[in-house]
Amino acid sequence: MKIVVIGGSGLIGSKVVIKLREHGHEAIAASPSSGVNTLTGEGLAEALQGASVVVDVSNSPSFEDAAVLKFFETSTRNLLTYEADAGVGHHVALSVVGTERLSESGYFRAKIAQEQMIKNSAIPYSIVHATQFFEFLKSLADISFDGDKVRLPPVLFQPMAADDVASAVARIAVGPPVNGIVEIGGPEQFRLDELVQRRLAALKDPREVIADPNALYSGAKVSRRTLVPDNTAQLGETRFETWLIQSAAQIPSRKVS
Ligand SMILES: NC(=O)c1ccc[n+]([C@@H]2O[C@H](COP(=O)([O-])OP(=O)(O)OC[C@H]3O[C@@H](n4cnc5c(N)ncnc54)[C@H](OP(=O)(O)O)[C@@H]3O)[C@@H](O)[C@H]2O)c1
């Protein structure tokens, strides 16, 4: 089966491409760095020729409210139009658990718009709602840092390894369209502020994390269960401690020159 992975050079996309190829599929990594741009349409018709499935794991280069909305609206509109012309039978998109509860955030308003366009189109689809990636914890600390402390709300959090996200996306891509949302999450629940503190400690980052019930998540007020999936979610197998050990082993040793 020919499967085009939009954002195939990214964190999740590159892993999805490898997993699909391991299962014998013709997986095409498509993104601006390989001449395919969903904002301009460049290279899209050629890439989609003969494709059965399109997996969209792209992300906006800018997270500024207007820019991210423009990215997901334009790119999703173009993709769905070119997919209809090419006869693609399954559109798979990666989004985030709780997206519909996070409309105070500009980033999540853009993801809501993306999902709505997919639901309104005639192309059969599967929307994968993943929890946050372990790989994203450091960035979360960075965006929640006020110059003195990292401030995060003490809410439930159930992140997962990017590798498990990619396995689930690849599995869903080769299955029948669900024409709905599939939730995936990590195998364990934590408190958001405590887990980010553990990640920073593992990185020997001295910043202190403060549990602040009024702190926003990506610009949105969250409550205890906003970020966690239902108990029907499919769970990844990688535990946080295992991932920490694996990711520490992968950090290249400092070059001596
Ligand atoms: N961060 C989280 O914890 C989390 C949780 C759940 C879901 N998600 C979702 O996961 C998705 C993927 O995230 P990621 O971290 O894997 O992304 P990423 O590593 O930042 O990769 C982004 C990809 O988008 C591509 N791209 C950018 N502009 C494009 C354009 N105009 N046309 C086509 N492709 C374009 C990039 O291509 P180039 O390399 O060629 O520029 C790159 O391949 C996002 O949609 C995000 O909402 C994230």
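Every read-out reported here was derived from the displayed coordinates using simple, explicitly stated rules and does not represent laboratory data. Since we're looking at a predicted model, the values are computed, not measured. Note: ideal-geometry Cβ built from the backbone for every residue, glycine included; neighbour counts use all protein chains shown.
Data table
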item	result
Cα centroid of the range 79-101 to Cα centroid of the range 199-227, whole Å	30 Å
Given the chain, longest segment not containing exposed loop trypsin sites (Lys or Arg not before Pro) (DSSP; at most 15 other Cβ within 10 Å)	1-148
Inter-part distance where the range 29-58 and the range 104-183 are each reduced to a Cα centre, Å	21 Å
Burial ranking of peptide ranges 160-170, 208-218 (average Cβ count within 10 Å, highest at the top)	160-170, 208-218
Sum of -39500 (n - 2.57) over DSSP H runs of 4+, divided by residues of the chain (222 nm, nearest 500)	-11500 deg cm²/dmol
Directionally averaged shadow of the range 20-176, computed from the convex hull of its alpha-carbon atoms, nm²	10.2 nm²
Shape category assigned to the range 132-257 from the gyration tensor of Cα positions, a/c cut at 1.5	oblate
Listed residues L44, L203, L11, most fluctuating in the chain (Gaussian network, C-alpha, under 10 Å)	L203
Across K15/K204; K149/K204; K138/K204, pairs whose alpha-carbon gap is larger than 18 Å	K15/K204
Percent of Cα-Cα distances greater than 18 Å, calculated over the range 27-110	43 percent
Relative contact order for the chain, counting Cα pairs under 8 Å that sit 6 or more residues apart, in percent	19 percent
Convex hull projection area averaged over all views, the range 153-218, Cα basis, nm²	6.0 nm²
F136, F108 arranged by Cβ crowding within 10 Å, fewest neighbours leading	F136, F108
Highest-MSF residue in the chain out of A27, A220, A66 [GNM, Cα springs under 10 Å]	A66
Share antiparallel - DSSP beta bridges, the range 130-217, percent rounded to 5	40 percent
